[in-house]
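The structure appears below as C-alpha cells.
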C-alpha cells in the first residue's frame, strides 16, 4: 500500500512539530501507512573549498545522538526511522519511486541549498502525480502572524524588534505530538545508490563519530556525557533544570562568560538540531516568569531568541545574496590569506586569547558567544581572512551550527550583512582584559 512519507530534516523531535502532525493526520484520513525518513548526504563528510569536512566529528556525533533519540521515540509509537543515503532530492525521489508513496511531508528551511532541493522535489511531484507538502515551522513566530510581509522584514535588528514589540506579537502555543499514529510501513531494502539503513546500521560517518570524539573534562557543553546528549527529552530536562535553578535572573550578567556550564542557557545545540523548538523554549520561560517574576535579565533570553528569528527571516528575504562575497553590501570582494586562515583554524595565530578559543572549538565543538565574536573578528579584521572561510569553519566544527545564525553573524561582523555600523572589530587585547582578566581561560586552553 502506498505510504505517506514524513521527511525529518532539522526538526528532530515529535512535539511541537506541525508538519509531523499533518503527515500523520493525512495518512490516517486516507487509511495509508506512514513512513518516517531522514536523509544523510555523504558529501557532508567530504572536504570543501575551505574545510576538511563540511560536517566535522563533533557535529556528526551530535547528529548521531539526535537521530538515535528520535528513532527511540518513534519506536515507542510502533515506528522505525528509515535513514537514506544520497543527495536529498534524489534520495527522496527514489524512496517515493520504490514505495509508490502518495505524499511527502517535511518542514520548510528557507536556506539556498534546501530551497533548491525543494524546487526539484516540487517538480518531481508534479510530474509523478504525488503530493509534496512543506510547512514553515522552525521559527519563533508563524509567518502569517508577522506584522509585515516576510519580504519586507526590516534589515536592521532594532527595527525588527521594535516592529514585533509594537504589534504585541507572541509565539503561538507549542503543539503536542500526534494524538494518534498511523500504521507503520517498513519498505524492502533499496539499491546501493539510496541505501535504507535504519538505526541498526548507521552511515559509517555517523556511527564512527562516537569513537573519534573523546570526552573533554574542560568542555562547557560536554556532549559525550549522557545528560548533554542531543535528544528531545534531554533538551526538556536541561531547560527545566536551568529554569528551576533561577538562572534566567542572572543571565544578562553572566552571558558573556567564556567557560562553564551555566553562564549561558546552552540551548543552542538542542535548538539547532530541532530537539527543542524556539516556541517551546520561549513558552517555558514565560511560564517561569509568571511564577517567579520577569526581569531585565530573563528578558534578555527572549532578546536572543529574537536575534535567532531575525537571521532566519533575513534568509527568507535575501537568500543567496547572503552567500555572495560581498554579502548584502556594496563592498569589494574580501581578501584572503590562506596561510593565516590555516593558522587561525589550528589555534596558531600568536594571540593567546584567539588561539585558546580556536583550540576549545576544535577540542569540544563549542565556543561561547563572546569568543565566537572575538575569533571571527580577528580572522576578518586582523588576519585579512575571507569571512566566508570563517563561516565554513564554524559550520564544520560547531555542534550548534545553525545555517541562518551562522551566515548572518559572520556577514554582520564582516560589515557585509545588516549591521548599520558597517561591521565590528573586537580588539582582542581589550577583550582579554575585560573577559579573561586573570588569564584563566587562556591557561585552560593554552598550547599543550
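Only counting other Cβ atoms within 10 Å, I'd like 148, 141 sorted with the fewest neighbours first.
148, 141
Running a GNM on the chain with Cα contacts under 10 Å, which residue among 390, 357, 31 ends up with the highest mean-square fluctuation?
Of the options given, 31 has the highest mean-square fluctuation.
Distance from the Cα centre of the stretch 318-358 to that of the stretch 56-87, in angstrom?
Spelled out, the Cα-based centre of one part sits 32 Å from the other.
Arranged by the count of other C-beta atoms within 10 angstrom, fewest first, what order do 310, 79, 283 take?
283, 79, 310
Eigenvalues of the Cα gyration tensor times 5, then square-rooted: what semi-axes does that give for the stretch 1-137, in whole angstrom, largest first?
Equivalent-ellipsoid dimensions as semi-axes: 25, 19, 13 Å.
As a test of the formula, what do you get for the chain when each DSSP H run with n ≥ 4 contributes -39,500 (n - 2.57) and the sum is divided by the residue count, at 222 nm and rounded to the nearest 500 deg cm²/dmol?
-14000 deg cm²/dmol
Just to check, using Stokes-Einstein with a Kirkwood Rh over alpha carbon pairs, what's the diffusion coefficient of the stretch 313-387 at 4 °C and 1.567 mPa s in µm²/s?
This corresponds to a translational diffusion coefficient of 96 µm²/s.
Find the percent of Cα-Cα distances in the stretch 326-444 that exceed 22 Å, and round it to a whole number.
28 percent
Dividing the alpha-carbon Rg of the stretch 254-380 by 2.2 N^0.38 Å yields what?
Compared with the compact-globule rule of thumb, the stretch 254-380 sits at 1.28.
Roughly how far apart, in whole Å, are the Cα centres of the stretch 157-177 and the stretch 11-35?
Using only Cα atoms to place each centre, the spacing works out to 26 Å.
Treat the stretch 378-448 as a sphere of radius equal to its Kirkwood radius over Cα pairs and apply Stokes-Einstein at 4 °C in a medium of 1.567 mPa s; give the translational diffusion coefficient in µm²/s, rounded to a whole number.
In µm²/s, the coefficient rounds to 95.
Determine, for 303, 311, 341, the number of other Cβ atoms within 10 Å of each Cβ, and report the residues in order from fewest to most.
Exposure proxy ranking, most exposed first: 303, 341, 311.
Assuming R0 = 56 Å, what is the FRET efficiency of residue 48 and residue 303, from their Cβ-Cβ distance, to the nearest 0.05?
Calculated value: 0.95.
A short reminder: the numbers here are calculations on the coordinates, not readings from a lab. It should be emphasised that the depicted structure is a prediction, and the values quoted were computed from it without experimental measurement. Because the Cβ atoms are built from the backbone with ideal geometry, glycine has one as well, and the counts that use them run over all protein chains shown.
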